[in-house]
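Contents: one structure, followed by commentary.
The values are calculated or read from the model by the stated rules, or taken from the named source; none is laboratory data. Worth saying up front: this structure is predicted, and the values here are computed from it rather than measured. Note that each Cβ is placed from the backbone with ideal geometry, even for glycine, and that neighbours are counted across all protein chains shown. We work out accessible area using only protein heavy atoms, side chains counted, and drop any ligands, DNA or RNA first. Shrake-Rupley method; radii C 1.70, N 1.55, O 1.52, S 1.80 Å.
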Amino acid sequence: VEYDLSTAPIKITTHQREVSGQAGTLDSWSFYDGLGRLVESKTESEDPNQQIISGITEYSNKGLPIKKYLPSFTPSTPNFTIPDHSGPFTTIDHDCLGRVVKTTNPDNSFASIIYSKLSHIRKTKSRRKNHQRSASRNFFH
């Protein structure tokens, strides 16, 4: 593991052995903002000219994740890549206490959570527009 605190965002490079006892490594790079939040991760792919970029997240002014982009390919470089925000993403909605209340996937399917009182949670999932499934549970059981 290598830490580069001189860059913005901060870069952490990880080398993992492909085969124990041999020289080849699978390298990955993680980039963190000044608040310690993951901004993006890169991993080697089968194509030496491309990397898999993931973990791209947008945060609200309260520091909560509001958009998470799906992994994609990017040209190979160990340096930070300015995120492409044109790809598919998941949106995350929060209540005033910062709890996740709804997650919407790129295909518009969603999962929502309704918090009532302190000990009851109701979850709803939708895979298609008119197909929903609900479940309730007591937080303490």
Would you confirm whether or not the range 51-59 contains a residue that is assigned to a loop (DSSP other than H, G, I, E, B), in contact with a strand residue (DSSP E or B) (Cβ under 9 Å, 6 or more places away or on another chain), open to solvent by less than 40 Å² (accessible area, probe 1.4 Å) and free of Cβ contacts under 8 Å to residues at least 60 places away in the same chain? yes
Given the conditions (1) within 16 Å of the chain's Cα centre (by Cα); (2) over 21 Å from D93 (Cα atoms), report the number of the one that P71 does not fulfil. (2)
Test P9 against the stated conditions and say whether it is open to solvent by 80 Å² or more (accessible area, probe 1.4 Å) and not polar (S, T, N, Q). no
Scope the range 26-48; condition touching a Phe, Trp or Tyr at 6+ places or on another chain (Cβ under 9 Å) and either among the basic types (K, R) or in a strand (DSSP E or B) (or both); matching residues: W29, F31, R37, L38, V39, E40, S41, K42, T43
Restricting attention to the range 1-26, which residues are closer than 27 Å to S86 by Cβ and modelled with pLDDT of 90 or more? P9, I10, K11, I12
Check whether at least one residue in the range 87-106 is touching a residue at least 40 places away in the same chain (Cβ under 8 Å) and either open to solvent by 70 Å² or more (accessible area, probe 1.4 Å) or not in a strand (DSSP E or B) (or both), and report yes or no. no
